Amino acid sequence: MFALVDGNAFYCSCEQVFDSSLRGKPLVVLSNNDGCAIARTDQAKALGVKMGHPAHELRDLQAQHGFRMRSANFALYGDMSRRMVEILREAAPRMEVYSIDESFLDLTDVANRLTFARDLRERITRWIGIPNCIGIGPTKTLAKAGNKLAKKGRGVIDLSDPTVRTEALESLAVGDIWGVGRRWSAKLECLGITNARQLRDAPSDLILQRFGVVMHRTQRELQGHSCIGLQEVEPDRQQIVVSRSFGERVEDHEAVAQAIFSFAERACQKLRARRLVCSALTITAESDRFRPNLPQHSPARTYQFTSATSDTTVVLNAARRLLNGFLKVGIAYKRAGVVMMDLAQPDALQADLFAQATEGNSVLMATMDRINARFGRGAAGMGATGWQPRPVWGMRQSNLSPRYTTRVADIPTARC
Amino acid sequence: MVPISPPMIRPLINTTYALLLAPAVLDAPACFLRTSGMRAELGFPSPAEDHEEEGIDLNALLIRNAPATFLYRASGDSMLLAGIRDGDILAVDRSVMPRDRDLVLASWDGNAPCCKVLHVLDDHIELHPANPRHAPIVFEAGAEVDVFSIVAVVRQVTRGVRTYVRAR
């Protein structure tokens, strides 16, 4: 038996915990660079704010309705997520962190699931101030379905009872089922399958034939056969991507290069934090696609390492080689990134006749990581990144809230 | 903020109930060298080896439920007689149910949170300051107030500051 716990409008809720003037109000959280809406409260939803709503359109809407906006504060959201996971793990040790605000729990050994879930929901709300919903079901897909329905007001929904389940699935649109995208739901609706109960009861050979094994598995899960297990350990990632839009178009290619070096440095830190090494590095840059009248150039180049590495100096050297003639004169760039590919655990690699399995100075890197862990990210790094507190390629975050829980200078105030 | 007349705060400053417990470990991660690690160089086993302990971790001492504990910075003088000064850090444990006369962090009506002493009466609650220059806040019955218990007050003592010592 599974449960899915999910924080309601998680990013907005995190902001509301520390700024009570935002509670019960329409609030929108914007993506990195203040590009578009990535979270909104119910009140903002009611004013017509959609997920992915572009920021420039939001400003018109804001002028009309006067809602509040915040830049994404991932330091805060990450810490609140960590607290939520800690509470969940203590309550149900077998669990899977599915995303920053969603976790699956294994409730097989829990006697009274409904009471357990109601207590847990109450506890999260009380302990960290994040309102949340819990769905329970014999499969992950049904737990997810229960969660979706719980959002409509009940808070906790248990779909383990077959009669309750049939009725509940009838009220769930196919597009709202876990794993059914918009494209598939349109195709299903053409066949007259509009709700989850109809998908569950559709002839399975038809589903298999028309939609493939993934949809068939979803159907099996809706029928109550658990096909997707709990992933307690995060699987090794296949690639690490660090890319970002710049706050403005950047014509200075030295600055673009520094941005790429910074992203490569960050990617190396992520790589080492997962104890992995990479064998290939791709760097990318993009001009402003939304200005078609400007000259466009969006290059990408890949470097193959002779030996796998996670050493920032080795990676930055590769990036420097790739950057030679990479950017075109007269082009202003809006976005850049790095992708690290062919990731592996260093012990799993074998040396070949001409090269060792891994290269790089792991002691130096471990020291740098420790310095950064102790004195804050950015305390130690490579000169190639430019080392500026506010680089021209930096993010636009005009409505950023303080890092209430992770920085001493940002601790919220209590009036005495 | 109204300056406080000296007689009122003097007893506060002169009274200390501090007892020495043990050396504090403030920066735990840096402390990875343990006594037994020195044995080879010293030439003979440390007599303290069998009595080795970890030292006292202030986090463990002050914080019982880490995921539910949040820090706030005290600002103002209304809680002076409860020993809370401007600049102190307050550890708020949201999992502890506040009771009558607890030190609490309260917020209502979208106001910034404030630190007071909770008084639970028959049909309503009141928030009392610990300073006669401030008035208690009395809520109507049924008013919605978020109230959380304060479980620790942290102050770093620095030199060269007269009355108010600010924790950093």
### Task
At a probe radius of 1.4 Å, figure out the A/B buried accessible area, summed over both chains, and give it in Å² to the nearest 100.
2400
## Note on the structure
With the 8 Å Cα cutoff and a minimum separation of six or more residues, chain A has a relative contact order in percent of 16
### Query
Do any residues of region A:67-84 lose at least 40 Å² of accessible area when the full set of protein chains is present rather than just their chain alone, and if so which, with a 1.4 Å probe?
A:R83
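Which order do the peptides A:361-374, A:147-160, A:11-24, B:113-126 take when ranked by the mean count of other beta-carbon atoms within 10 Å per residue, highest first?
Numbers: A:361-374: 13.9, A:147-160: 19.1, A:11-24: 20.8, B:113-126: 17.1.
My ranking of the peptides, most packed first, is A:11-24, A:147-160, B:113-126, A:361-374.
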### Charge tally in the Cβ shell below 13 Å around A:N73, where Lys, Arg are +1 and Asp, Glu are -1, A:N73 excluded
-2
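Per-residue ellipticity at 222 nm for chain A, helices alone: DSSP H runs ≥ 4 residues times -39500 (n - 2.57), over residue total, nearest 500 deg cm²/dmol? The partial results should precede the final answer.
Working: 13 runs with 160 residues, N = 416.
Roughly -12000 deg cm²/dmol at 222 nm, from the helical runs in chain A.
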### Query
Using the Cβ atoms and a cut-off under 9 Å, what net charge is assigned to the surroundings of A:R396, where Lys and Arg are +1 and Asp and Glu are -1?
-2
### Task
Within a 10 angstrom radius of each residue's Cβ in B:108-115, how many Cβ atoms of other chains show up on average? Whole number is fine.
5
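Given a Förster distance of 35 Å, report the FRET efficiency between B:E53 and A:R94 from their Cβ-Cβ distance, rounded to the nearest 0.05.
On the way: r = 34 Å, r/R0 = 0.97.
E between B:E53 and A:R94, to the nearest 0.05, is 0.55.
Residues of region A:10-74: accessible area per residue at 1.4 Å, in Å²? Intermediate results must be reported in sequence, preceding the final value.
Working: 2700 Å² over 65 residues.
For region A:10-74, the solvent-accessible area averages 42 Å² per residue.
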## Note on the structure
Computed from the beta carbon distance with a Förster radius of 41 Å, FRET efficiency for A:M341 and A:H65 to the nearest 0.05 stands at 0.35
### 10 Å-binned pair-distance histogram of region A:10-74 (Cα, whole percent)
25, 60, 15
### Query
Which whole-number value in Å² is the accessible area per residue of region A:77-222, probe 1.4 Å?
47
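Once you average over the residues of A:403-415, how many Cβ atoms of partner chains fall within 10 Å of each Cβ? Before the final figure, lay out each step's value.
On the way: counts 0, 3, 3, 0, 0, 5, 2, 1, 6, 8, 9, 22, 15.
Mean number of neighbouring Cβ atoms from other chains: 6.
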### Query
How much of the accessible area of the protein assembly as shown, probe 1.4 Å, is carbon plus sulfur, in whole percent?
51
### Summary
To the nearest 10 degrees, the tilt of helix A:362-375 (Cα long axis) against the first principal axis of the alpha carbons of chain A is 70
### Query
For A:F74 and A:R118 in the same chain, what is the full-extension length gain: residue separation times 0.36 nm, less their Cα-Cα distance, in nm?
13.0 nm
### Task
Take the alpha carbon gyration tensor of region A:240-385, find the square roots of its eigenvalues, order them as a ≥ b ≥ c, and report rounded if a/c is under 1.5; if not, report prolate when a/b exceeds b/c, else oblate.
prolate
### Query
So which lysines pass the test for A:K144, namely a Cα distance under 18 Å, with those fewer than 8 places away in the same chain ruled out?
A:K152
### Relative contact order (%) - region A:100-250, alpha-carbon pairs under 8 angstrom, separation at least six
18
### Task
Run the numbers on region B:45-93: which residues show a drop of 50 Å² or more in accessible area, chain on its own versus all protein chains together, using a 1.4 Å probe over heavy atoms?
B:P67, B:F70, B:Y72, B:R73, B:S75
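Given contacts defined as C-alpha pairs under 8 Å and at least six residues apart, what's the relative contact order of region A:10-74, whole-number percent?
On the way: 100 pairs, mean separation 22.6, N = 65.
Relative contact order, region A:10-74: 35 percent.
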### Query
Could you state the principal axis extents of the C-alpha atoms in chain A, from the largest down, to the nearest angstrom?
65, 63, 50
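Tell me, what is a quarter of the convex hull surface for the C-alpha atoms of region A:115-244, in nm² with one decimal? Could you put the intermediate results ahead of the total?
Numbers: hull surface 43.0 nm².
Spelled out: convex hull of the Cα atoms, projected over all directions, averaged, 10.8 nm².
Using the heavy atoms of the protein chains and a 1.4 angstrom probe, tell me the accessible area per residue for region A:254-316 in square angstrom. Can you show the working numbers first?
Values: 2650 Å² over 63 residues.
On a per-residue basis, 42 Å².
Protein chains only, probe 1.4 Å: how do B:V96, A:V180 rank by accessible area, largest first? Before the final figure, lay out each step's value.
Values: B:V96 50, A:V180 10 Å².
The ranking, largest first, comes out as B:V96, A:V180.
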### 15 Å beta-carbon shell around A:F290, net charge (K/R +1, D/E -1)
+1
### Query
By how many nm would the segment from A:N372 to A:D252 grow when fully extended, if each residue of separation counts as 0.36 nm and the alpha-carbon distance is taken off?
40.3 nm
### Separation in nanometres of the label points that stand 7 Å from Cα toward Cβ, at A:S398 and A:S298
2.6
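Set the Förster distance to 35 Å, then compute FRET efficiency between A:R289 and A:T194 from the Cβ-Cβ distance, nearest 0.05.
Calculated transfer efficiency: 0.45.
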### Inter-site label distance for B:A135 and A:R274 at 7 Å from Cα along Cβ, in nm
6.0
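The values are calculated or read from the model by the stated rules, or taken from the named source; none is laboratory data. Treat the numbers as computed from the prediction; the structure is a model and nothing was measured. Note that each Cβ is placed from the backbone with ideal geometry, even for glycine, and that neighbours are counted across all protein chains shown. SASA here: full protein model, heavy atoms, side chains in, ligands and nucleic acids out. Shrake-Rupley method; radii C 1.70, N 1.55, O 1.52, S 1.80 Å.
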